[in-house]
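The values are calculated or read from the model by the stated rules, or taken from the named source; none is laboratory data. Please read all numbers here as calculations on a predicted model, not as lab measurements. Here the Cβ positions follow ideal geometry from the backbone for every residue, glycine too, while neighbour counts run over all protein chains shown. For accessibility, only protein heavy atoms count, side chains too; no ligands or nucleic acids. Shrake-Rupley method; radii C 1.70, N 1.55, O 1.52, S 1.80 Å.
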Amino acid sequence: MKRCAIAFAAALCLPLLAQKSPAPKAGADQSTPSLAQYFTWINNTNEGTTEAQTLANLAFFQWLRDEYGMILDIYAFDAGFVDGKNFTGVLEQSPRFRKQFPRGLDLVYQTAKKMDTRLGHWGGPDGFGDTPESEKARHDMMVNLCRDYKWALYKFDLVCGDLRPEKEASFIEMMKASRVHSPDLIALNHRLPLGPEGLALMTTNLWDGQETYIDVHITNRGTAPHHRACALERGNTDNFDRLMEDHGVCISSCLNRFDDELILQAFGRNLILAPEIYGNPWLLRDDEFSKLARIFNLARRYRDILIHALALPEKTYDPNAVSRGNDTTRLLTLRNLSWQPVTYDISASAEIGLAPAKQVELRQLHPTEKIIATLPYGKSHQITIPPFRSCLLLATSAASKEIAVSGCDFQVVRDIPGKPAQLRLLGMPGTTAEITLPKTNVAFSSATIAGQPANDLLQGKSVKITFPGTKNTEAWHRELATAAPAPLPADAMSLYEATCFAADNNALEARSLKRSGPTAIPAVQAARDAFFDQHIFKGRGLWDKYLFDGDASTGFHISRKGDPRVNDQALFRVDFGSVISPEMIEITIPDQFSLGNKCEGEGGTAAEFSADLKNWISIPFIHGEASQIFLPKGTAVRYMRIANFQHRITEINAFLQGKPLPRDSWRASNLFSPFQRLSFTKAWTAPITITSCPTGSYLCVALNGKHGIEGAYAALRTSDGKYLGAPDRAASFPCNPWEHGCVKRDKNYTYYIPLTPDLIGKSCEVVILGTAASEDTLKPIIWQTCQEIPFASQLLELK
């Protein structure tokens, strides 16, 4: 493969922070191109990170660079690096820092430097102590980070403490001295009431005071097919002020549609830090890393012109639609925050910021990529955005430098010098497309599609491709029914329990890992292991898998961070994954203290068992560090629930003929209420028939209106008497939190019920159960949709 556009490739790889022009007084100004940043909050909490964890994370970003060309300008340590909640420190004097970074910062610095990444950190504005010696130590620590490690960012947060008025001069002196060594030092002000001179040295303020940890600090206000509609609703800063910080995109919880949010963050607002992410991006699926890198690469490619923004007319576009760019090239960000597709007329004219030209090429870069049309200047073209998605368009009167195919949707997987270019060609199953390869400034010598030669593309000829699968005869996203009020059904408890057993109370990050599945990428696995293997994470008992791991040092118990339970009578539930017939079940408690208000050898508690959620038997047992429950021989069970059993539990085993049964598919929860305690009094039902099931299909049961906190639950009853619960919901089900608990909402829940091909043709009924808090005006609407647009794909590789 020969690359002709050397300057263009070099522009992608050039570290942005290596700017030769003098830096503004505050490190950046409105015309400074954006910096790509990751910060570690939620990868660690206030305990801080370690050298080993940091090196694993940096190796992940190095892999993204090696594989996809993605460059990270700043890697910022968050809380616990040196300062923490309500305290500050000095690195050289901190036993914790010496323990967590036994070799200091040299290795971390050199590792980041190899991939053109600079470091930064979170902390407080003070820390100067009460003596001249302590003030000097704090001053020197901060300045030396810039002198010795080319520090790129300070993030000052009120969480760490305020700046004493008598220390403001010291703070100002420290900032000025830091910028002697790092003139482009970015300083973030998170909620600090600084004086005028101190404020003048800050680069940004936290926009709206809003953090973006999905379903913890921000959650959907209305119903939606995913959890991130709340993030897509965020608009633009006043007058497109770029000297703000929007807290970036959190990739840790509720991962679906992270890409839509990142498009709006990087290209819509395009603040000084963009693209900006935090949390645990290694929790994405393997196929999503190329998309993450593509967004970063596009933002870098157009960074110099993205600083110029134009608000698009609200009457024609959505209220927060933005066009950024110059006279010849514009990037438009649009969004659709409704349940139905929305169509916009895109005018190739001054309306979007283009100067007069002969013709304008219009391309879509997100949610898929495609060449849309070449238009005479002043003409319009319609584009359609799927429900609750964002859209990025490229309109240019210059020759586009983006690799592409014509004739079908596609996704650029990889486009970097030195490696074969890869494009994932997209089309609906059972359809065909005639594709061509537009002329670009890149010369290729071979082409393959799905591993088969396709060199005709290189000669300007078209190639016909067929997308595998059966053609869909119905829309993959459609409204199925509106549920109507109905009497409370006789099987209300079974329906409620179906959702309780389908869902979990794990930390949001454990849910994300389950959602994404295993990885085949060593760097991703290492970063995941570095996170989940933290003794802090394990020690908090946030994951039901610790009950089934054979490790007596781990366990699963109700978090002490607030009270995440639905109510104070939350049940302990176990789903054995399939019907089993054990003779005895043993629940292991680590010590006497963990029995709580029970005592060794005390009775009065019973476990309930069912094989079908309809019929239950009750079996009493005796409390102890090894509570044993003996079942009648041949008893078939799948589900277990125990009331008033909120202990710290380390292991659960089931035995048959003295041998332990496999536990690979076992699951548990400990926060959901007993059915009786919720006192359901209302119901809504909607008969539906599943007539098609494209890949990734699921039902959205959108409860439009007020229902109270945990005041309405939804499930599906099939014609053959089975119950399908909802394993997911927006706002999220209660969790045992890693950072903070889930937001509690009293309106507009959306329950998500996965669909499988075996349901096709079956008559089903969606049932919503409501407590007295559920208003009679509640309007449940049932939609069928897919996790992704259900394309089939073929891989095009160009060398």
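See the values below:
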| read-out | value |
| --- | --- |
| Filtered residues of the stretch 44-68 (kept if open to solvent by 20 Å² or more (accessible area, probe 1.4 Å), touching a strand residue (DSSP E or B) at 6+ places or on another chain (Cβ under 7 Å) and closer than 23 Å to Pro737 by Cα) | Asn46 |
| Matching entry among Thr333, Thr343 (being open to solvent by less than 10 Å² (accessible area, probe 1.4 Å), hydroxyl-bearing (Ser, Thr, Tyr) and part of a strand (DSSP E or B)) | Thr333 |
| Glu739, sole failed condition from (1) modelled with pLDDT of 95 or more; (2) under 22 Å from the mean Cα position of the chain (by Cα); (3) acidic (Asp, Glu) | (1) |
| Members of the stretch 502-523 found to be in a helix (DSSP H, G or I), open to solvent by less than 10 Å² (accessible area, probe 1.4 Å) and in contact with a Pro (Cβ under 9 Å, 6 or more places away or on another chain), listed by number | Leu508 |
| Filter result for the condition that a residue is among the β-branched types (Val, Ile, Thr), part of a strand (DSSP E or B) and crowded, with 17+ Cβ neighbours inside 10 Å, over Ile558, Ile629 | Ile629 |
| Contacts under 9 angstrom Cβ, first residue in the stretch 131-144 being surrounded by fewer than 19 Cβ atoms within 10 Å (Cβ to Cβ), partner among the hydroxyl-bearing types (Ser, Thr, Tyr), 6 or more apart | Glu135/Ser170 |
| Which numbered condition Ala28 fails, given (1) of a type in the set (A, V, I, L, M, F, W, C); (2) at pLDDT 95 or above; (3) farther than 26 Å from His181 by Cα; (4) open to solvent by less than 60 Å² (accessible area, probe 1.4 Å) | (3) |
| Answer from Ile589, Ile585 - the residue that is crowded, with 19+ Cβ neighbours inside 10 Å, among the hydrophobic types (A, V, I, L, M, F, W, C), within 18 Å of Phe630 (Cα to Cα) and more than 36 Å from the chain's Cα centre (by Cα) | Ile585 |
| Selection count, the stretch 730-777, where residues are of a type outside the set (Ser, Thr, Tyr), over 30 Å from Gln534 (Cα atoms), open to solvent by 10 Å² or more (accessible area, probe 1.4 Å) and not in a strand (DSSP E or B) | 13 |
| Boolean, Thr681 is touching a residue at least 60 places away in the same chain (Cβ under 8 Å), under 39 Å from the mean Cα position of the chain (by Cα) and surrounded by fewer than 16 Cβ atoms within 10 Å (Cβ to Cβ) | yes |
| Of all residues in the stretch 420-455 being modelled with pLDDT under 95 and not in a loop (DSSP other than H, G, I, E, B), the one that is surrounded by the fewest Cβ atoms within 10 Å (Cβ to Cβ) | Ala443 |
| Residue ranges of helices (runs of 4 or more DSSP H) in the stretch 147-241 with at least 1 members surrounded by 21 or more Cβ atoms within 10 Å (Cβ to Cβ) | 168-181, 229-232 |
| Filtered residues of the stretch 669-706 (kept if closer than 18 Å to Pro487 by Cβ, in contact with a strand residue (DSSP E or B) (Cβ under 8 Å, 6 or more places away or on another chain) and assigned to a loop (DSSP other than H, G, I, E, B)) | Phe680, Thr681 |
| Pair list, Cβ under 6 Å, 6 or more apart: the stretch 53-64 residue within 16 Å of Gly104 (Cβ to Cβ), other residue of a type outside the set (Gly, Ala, Ser) and open to solvent by less than 20 Å² (accessible area, probe 1.4 Å) | Thr54/Val108 |
